[in-house]
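The values are calculated or read from the model by the stated rules, or taken from the named source; none is laboratory data. This one's a predicted model, so the numbers in the text were calculated from it and none came from an experiment. Cβ coordinates were reconstructed from backbone atoms using ideal geometry, including for glycine residues, and neighbour counts include every protein chain displayed. Side chains included, ligands, DNA and RNA excluded: accessible areas come from the protein's heavy atoms. Shrake-Rupley method; radii C 1.70, N 1.55, O 1.52, S 1.80 Å.
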Amino acid sequence: MNTNNTSLKDQIYTSIYNDILLGVYPPDHVFNEKGLMEKFNVSRAPIREALVELCGERILYSIPYYGYKITPLTEEDVANTKSYRCILECGFMAENWSIFTAETLDELENIHQASLREKGKTDAITHWNDNIRFHLAFFELYGNQYAYQLLRSAMSLQTRAYAQTRWAEYHSRVFHEIPAFHGSILNAIRQGDRNLATSLLKADIISI
């Protein structure tokens, strides 16, 4: 594998994760270190590091002396994640309302506009990377790295559930959807309407 600007572990992690998003592996697929070493033509160490990270984010789970399987997601998992995100993101918005400036809003608007330009030609990964980028850039303004990492983990779980659901329903890897609320959230903040902005953010999270 070509290391370039990322480590072998990161490349392997990304490759496995992207393939899981796109439904390349069936739900009962068993990953093992030997098979992955052969696939990526690397030593055991970066494979193991990638698997440990995937397990840490609940994307995979380990079965001792057997291998690794994809962590099944239930409707309850998704509902709980949405509820958690609503509390986290809406709560931080309300508590940090004064930090929004014209400059920071313009930066978020640029991210939103970039996703609009991709309408009609985005695959699951690109579509959801755009969505994650917007929400994480928004949340990063608050300067709380601990909460930021928690949000990132929650969105990772939710992204996987969404992508797999859409693939199962429509058998297509092209997404014609665009973020329905991002522009409206930014407009409400520009207008100084905290209640509307918070309501739109909650609606955005729930709609995913």
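Taking every residue in region 76-88 that is touching a residue at least 40 places away in the same chain (Cβ under 8 Å) and pairing it with any residue that is open to solvent by 20 Å² or more (accessible area, probe 1.4 Å) and not aliphatic (A, V, I, L, M), at least 6 positions away or on another chain, the pairs with Cβ-Cβ distances below 6 Å are CYS86/LYS202. May I ask you to verify whether LYS69 is surrounded by 12 or more Cβ atoms within 10 Å (Cβ to Cβ), modelled with pLDDT under 95 and either on the phi < 0 side of the Ramachandran plot or hydroxyl-bearing (Ser, Thr, Tyr) (or both)? For LYS69, the condition - surrounded by 12 or more Cβ atoms within 10 Å (Cβ to Cβ), modelled with pLDDT under 95 and either on the phi < 0 side of the Ramachandran plot or hydroxyl-bearing (Ser, Thr, Tyr) (or both) - is not met. Restricting attention to region 184-202, the residues that are touching a residue at least 60 places away in the same chain (Cβ under 8 Å) and crowded, with 17+ Cβ neighbours inside 10 Å add up to 6. GLU33 satisfies every condition listed in (1) in contact with an Asp or Glu (Cβ under 9 Å, 6 or more places away or on another chain); (2) more than 18 Å from TYR162 (Cβ to Cβ); (3) not basic (Lys, Arg) except (1). Taken as a whole, the condition of being surrounded by 12 or more Cβ atoms within 10 Å (Cβ to Cβ), touching a Pro at 6+ places or on another chain (Cβ under 9 Å) and not β-branched (Val, Ile, Thr) applies to PHE40.
In region 37-57, the residues that are within 13 Å of TYR17 (Cα to Cα) and touching a residue at least 60 places away in the same chain (Cβ under 8 Å) reach residues that are open to solvent by 50 Å² or more (accessible area, probe 1.4 Å) and part of a helix (DSSP H, G or I) with C-beta atoms within less than 7 angstrom, at least six apart or across chains, in these pairs: GLU57/SER153. If the condition is being surrounded by fewer than 16 Cβ atoms within 10 Å (Cβ to Cβ) and within 20 Å of ILE63 (Cα to Cα), then region 9-32 contributes TYR25, PRO26, PRO27, ASP28, HIS29, VAL30, ASN32. So, of the residues in region 72-122 that are closer than 30 Å to GLU49 by Cβ and at pLDDT 90 or above, which turns out to be surrounded by the fewest Cβ atoms within 10 Å (Cβ to Cβ)? It comes out as ASN80.
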